[in-house]
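What follows is calculated from the coordinates using simple rules that are stated; it is not laboratory data. Just so you know, these numbers come straight off a predicted model, no measurement behind them. Ideal geometry is used to build each Cβ from the backbone, glycine not excepted, and the neighbour counts take in all protein chains shown.
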Amino acid sequence: MNTATGAGRRLVGVRLRQPQRGVAWLWVFAVVAAVELVAVATDVLAAQWMAKPLLAPLLLAWLWRVRAADVPIAAGLLLATAGDIALLVPSETAFLVGMGCFLGTQLAFVTAFIGHRRPRPAAVTGYLALWTVANALLWPRLGELRLPVLGYSLALCLMAATATALGRRVALGGALFLFSDLLIGLGAAGTTAPGHGVLVMATYSAALFLISTGWVARPSDPGRGRRPRRRSDPAPPPA
């Protein structure tokens, strides 16, 4: 007799969508992420050029392998790849291009998340409050980047807010993505700490991993299929 709960059945379904050979992509991602962190810590730009642009594509390859590469998520990861490449170029123009690419990433993720399940108003309110406070603190020190950061950070906070509706893993990924980009904003404002670059990349890599794997493990889409009738429900009237 099958006594698994609904949650258990969902987990089994997730495992069935993740063939063992597909896990190799996640191991490669972990190795590449480690190489990137070492490269950032030792300031080896050539290694960063080799490792950083592979992070998002490796997760996309895994999502494709487990048949969970939905179009908005795939688009978000591709735009993140373009943003990663742009941010490797040391210029303000490249920084703005990278910000534009990641703006597309956030909007793509919001489209995917909100199309699956609506977030609670409290989550949206909390992240908007954080957006207001962070921009108020950084505004005097951002100079010409004020308006681009204002718009991008709004999309980022909306992404993190909508991520809260898809389970703890995606929610944590959204929060880490926001934290990573907040560190970049602080750096643009002239505030850094020891290990700043390593912390930015560690939280960013973890964010991509959690969002991607959490997307596969998300709860079943609401409203798909008919609600099973409980025994206590009255039988439908005859036609």
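A few remarks follow.
- Taking label positions 7 Å along the Cα-Cβ direction at both residue 133 and residue 168, the computed distance is 2.4 nm, reported to one decimal.
- In a simple Cβ point-charge model (Lys, Arg +1; Asp, Glu -1; nothing else charged), region 14-130 has a dipole of about 780 debye relative to its Cα centre.
- Spherically averaged projected area of region 56-98 from its Cα convex hull (nm²): 2.8 nm²
- Karplus-derived 3J(HN,Hα), 6.51/-1.76/1.60, for each residue of region 88-97, Hz, glycine and proline x: 6, 8, x, 8, 5, 4, 5, 4, 5, 4
- When each of the peptides 29-42, 90-103 is scored by the mean number of other C-beta atoms lying within 10 Å of its residues, the order from highest to lowest reads 29-42, 90-103.
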